[in-house]
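Have a look at the structure below before the remarks.
The values are calculated or read from the model by the stated rules, or taken from the named source; none is laboratory data. Every value quoted in this text rests on a predicted model; they were computed, and no experiment measured them. Positions of Cβ are generated from backbone atoms using ideal geometry, with glycine treated the same way; all protein chains shown enter the neighbour counts.
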Amino acid sequence: MADEALFAGPAIRRLRKREGLTQAATAARLDISPSYLNLIERNQRPVSARVVMQLLEQFDFDPRNLREDESIGGLDGLARRFADERFSDLGIDRDELQEFLANAPQAAAAFARLYDNAAPGGEQAYDPLEASSREIERWRNHFPDLDVAAEELADEMRLSRGDIGLALTERLRERHQLSVRILPQDVIPDSLRRLDLHARQVQLSEMLSPASRNFQLALQIAQLEYREAIENVARGARFEDEAARGLFQRHLTGYFAAALIMPYSRFLRACEATGYDLPVLERRFGVSFEQLAHRLTTLQRVGQRGLPFFMVRLDRAGQFSKTFIGASTARFVSSDTSCPLWHAHRAFERAGELQVQFVALDIAGEREGGWLTMARTVEGSGSPRDAQFVVAVGLEAVLAGDLAQARGISLRSQDAQPIGPGCALCHRLGCSQRSLPPRGRRLSFDTVRRGVTPFEFAGD
């Protein structure tokens, strides 16, 4: 997959005005023609790598500002916000949003900030979890420096050979003089892992599965050896409070641990060689389905990209407790709840079975895109009393033809199961599964006819 062209006209124009320079003077410093700079500022030409290097040499600025759209999740992040039912009567399509984002990125960022901070009552509400999620979205859940560091450590530890848990245990013993001890549940009833420096032990709950034990050991190594690198990435984020920074830093630590167990290059090669066969990958790397799903959303290394998966975790009420969209365009997982027609819900009744389904988002009768989704139950760590969740991963159908789990599945657009973004946000007519009326629509009542749904409303 080719890298996207970088269009950053408004950012270049603001930089030039900040320096008080004319286009001719700026072009001279960048060693390009004034006419070419004019085209760049009008977003009619992308910013080349050579121009970026000249900007770094000639001006004091943060190169991340060239990708202003990433701070709000790019076009998909903006589209998610405009999908709010309060804007449903405006008919704003993605082409219009693309133009808005390209020509007025600061205005788009201002809108996104107001939207994100506005509570239903009109008051300002800061949600640290949402702030952390937005920062992950800005990075598209790919942190290249951490990936490289984890891959180098995996090579040093030779994690591709033998038992991963043994190699992690040896690392803790040799480098940190820490032994690993498995403790009964009644000794650490409320903990999965505990670092006891007095006893020089990493203590793990006996209720952890082998995959979870390995992950906890990798987390401990990340905290002991790469805390500074992780904190440096977290410090680059612009959070309003420490809770958001703490959540983001916790995500980065987990990211490093997963990258250590599933080193980027070796993991991507295995994905491509097996057709991203999920059960095979689980066993090959000794990971859980949820750990594997997380990792699949991160494969965006320049020059070595994997397929753009999304991943969600949902409970029996259809609420998302985790959402990682990465480089995917899956809008239907951007709301707070999911459609009951999606087979991810069926997975609860068929524990351990992989539910594969081809779905398309239906917006008031018009289908948008199509995704092959794969969902399975996962058990909580630490206790049999833990809640059960379903983890789902998905990929655009146009990219999914060669997947192992796509065999025998028709990916023709007419065969997709239409789903919505959750009943309250869904405007599909005549859905027998509807449990709530759609927001922003006037309900209609017929005294002589009873329809298939208790909530009927007029179409557009």
Legend entry - Residue, surrounded by the fewest Cβ atoms within 10 Å (Cβ to Cβ), within the stretch 168-200, restricted to residues that are over 31 Å from the mean Cα position of the chain (by Cα) and part of a helix (DSSP H, G or I): 174
Legend entry - Neighbours by Cβ (under 7 Å, 6+ apart or cross-chain): first from the stretch 101-130, farther than 19 Å from residue 86 by Cα and hydroxyl-bearing (Ser, Thr, Tyr); second at pLDDT below 80 and surrounded by 12 or more Cβ atoms within 10 Å (Cβ to Cβ): 126/117
Inset, instruction - Answer yes if at least one residue in the stretch 214-234 is in contact with a Gly (Cβ under 6 Å, 6 or more places away or on another chain) and either surrounded by 13 or more Cβ atoms within 10 Å (Cβ to Cβ) or of a type outside the set (S, T, N, Q) (or both), and no otherwise. - result: yes
Inset, instruction - Quick one: which residue in 150, 102 is modelled with pLDDT of 75 or more, of a type in the set (Gly, Ala, Ser) and part of a helix (DSSP H, G or I)? - result: 150
Inset, instruction - Return the pairs, sorted by first residue and then second, in which the second residue is in a helix (DSSP H, G or I) and not hydrophobic (A, V, I, L, M, F, W, C), the first residue lies in the stretch 260-282 and is within 17 Å of residue 150 (Cα to Cα), the beta carbons are less than 7 Å apart, and the residues are 6+ apart or on different chains. - result: 261/214; 262/295; 263/151; 264/147; 264/151; 265/151; 267/295
Legend entry - Only listed residue being at pLDDT below 90, under 16 Å from residue 428 (Cβ atoms) and either in contact with a strand residue (DSSP E or B) (Cβ under 7 Å, 6 or more places away or on another chain) or in the same structural domain as residue 93 (by TED's automatic domain parsing) (or both), chosen from 320, 332: 332
Legend entry - residue 140 among the basic types (Lys, Arg), under 18 Å from the mean Cα position of the chain (by Cα), closer than 19 Å to residue 237 by Cα and modelled with pLDDT of 70 or more: yes
Inset, instruction - Would you mind stating whether residue 258 is surrounded by fewer than 19 Cβ atoms within 10 Å (Cβ to Cβ), assigned to a helix (DSSP H, G or I) and touching a helix residue (DSSP H, G or I) at 6+ places or on another chain (Cβ under 7 Å)? - result: no
Legend entry - Residue within the stretch 203-212 that is in contact with a helix residue (DSSP H, G or I) (Cβ under 6 Å, 6 or more places away or on another chain), closer than 21 Å to residue 156 by Cα and buried (at least 16 other Cβ atoms within 10 Å of the Cβ) present: no
Legend entry - Pair list, Cβ < 9 Å and 6+ apart or interchain, from the stretch 33-44 residues that are touching a residue at least 60 places away in the same chain (Cβ under 8 Å) to residues that are of a type in the set (S, T, N, Q) and part of a helix (DSSP H, G or I): 43/103
Inset, instruction - Looking only at the stretch 213-232, count how many residues are under 18 Å from residue 247 (Cα atoms) and of a type in the set (Asp, Glu). - result: 2
Inset, instruction - Tell me which residues, restricted to the stretch 261-297, are surrounded by fewer than 18 Cβ atoms within 10 Å (Cβ to Cβ) and among the basic types (Lys, Arg). - result: 266, 269, 283, 284
Inset, instruction - Give 221, 230 a once-over and let me know the one that is part of a helix (DSSP H, G or I), of a type in the set (Val, Ile, Thr) and more than 21 Å from the chain's Cα centre (by Cα). - result: 221
Legend entry - Number of the condition not met by residue 397 [criteria: (1) in the same structural domain as residue 317 (by TED's automatic domain parsing); (2) out of contact with any Lys or Arg (no Cβ under 8 Å at 6 or more places or on another chain); (3) surrounded by fewer than 21 Cβ atoms within 10 Å (Cβ to Cβ)]: (3)
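Looking only at the stretch 130-141, decide whether some residue is assigned to a loop (DSSP other than H, G, I, E, B) and either among the acidic types (Asp, Glu) or surrounded by fewer than 18 Cβ atoms within 10 Å (Cβ to Cβ) (or both).
no
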Inset, instruction - Inspect the stretch 301-315 for any residue being touching a Pro at 6+ places or on another chain (Cβ under 8 Å) and either closer than 21 Å to residue 358 by Cα or surrounded by fewer than 23 Cβ atoms within 10 Å (Cβ to Cβ) (or both) and give the result as yes or no. - result: yes
Legend entry - Conditions (1) within 18 Å of residue 376 (Cα to Cα); (2) modelled with pLDDT of 95 or more: number failed by residue 263: (1)
Legend entry - Single residue of the stretch 384-439 satisfying the filter (in a strand (DSSP E or B) and hydrophobic (A, V, I, L, M, F, W, C)) that is modelled with the lowest pLDDT: 419
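Considering the stretch 341-383 alone, what residues qualify as being polar (S, T, N, Q) and at pLDDT below 90?
Selection gives 381, 383.
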Inset, instruction - List the number of the failed condition for residue 431; all other conditions in (1) buried (at least 17 other Cβ atoms within 10 Å of the Cβ); (2) under 26 Å from residue 315 (Cβ atoms); (3) among the hydrophobic types (A, V, I, L, M, F, W, C); (4) in contact with a strand residue (DSSP E or B) (Cβ under 8 Å, 6 or more places away or on another chain) hold. - result: (4)
